[in-house]
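The values are calculated or read from the model by the stated rules, or taken from the named source; none is laboratory data. Keep in mind that this is a model prediction, so the values were computed, not measured. Quick reminder, even Gly has a Cβ in these numbers, built from the backbone with ideal geometry, and neighbours come from all protein chains shown.
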Amino acid sequence: MIVFVWYKKEAGHVENVLQRKGFSLKILKLLSMERGFAEKHHEDLSSKPFFNVLVENIIYGPIVAMIWECKNVVTTGSKIIGATNPSNSALASSVVTLLLTLAGM
């Protein structure tokens, strides 16, 4: 199975963690995400009060876009990268790391 993953470069080196877990990196590209794509990608969160801040953060500056291949890539990748709700994420997940970075901690 193959999956598209992206993160803000401030979140750290997610690709190293995924490779150590047996993921095979197929494509890695630094790019800017357009507002429409960011809004569509997170449309399930559009009713949340933080939606506009989320979109602004995503479109401000570059993101790291990656294509990964691995057995159970979605389930395993979600555990490593973290849940949309940070309170449901493991402490070492990328989501929590990004939030701590943005908070200056």
Query raised in the report: Quick check: anything in segment 10-27 modelled with pLDDT of 70 or more, on the phi < 0 side of the Ramachandran plot, assigned to a loop (DSSP other than H, G, I, E, B) and buried (at least 16 other Cβ atoms within 10 Å of the Cβ)?
Result: yes
Report summary line: Condition set in contact with a strand residue (DSSP E or B) (Cβ under 8 Å, 6 or more places away or on another chain) and not in a strand (DSSP E or B), scope segment 45-75, selection surrounded by the most Cβ atoms within 10 Å (Cβ to Cβ): answer is I58
Report task. Could you list all residues from segment 28-43 that are under 15 Å from the mean Cα position of the chain (by Cα) and in contact (Cβ under 8 Å) with a residue 24 or more places away in the chain? Result -> L28, K29, L30, L31, S32, M33
Query raised in the report: Does segment 32-44 hold any residues that are assigned to a loop (DSSP other than H, G, I, E, B) and either of a type in the set (A, V, I, L, M) or loosely packed, with under 10 Cβ neighbours inside 10 Å (or both), and which are they?
Result: M33
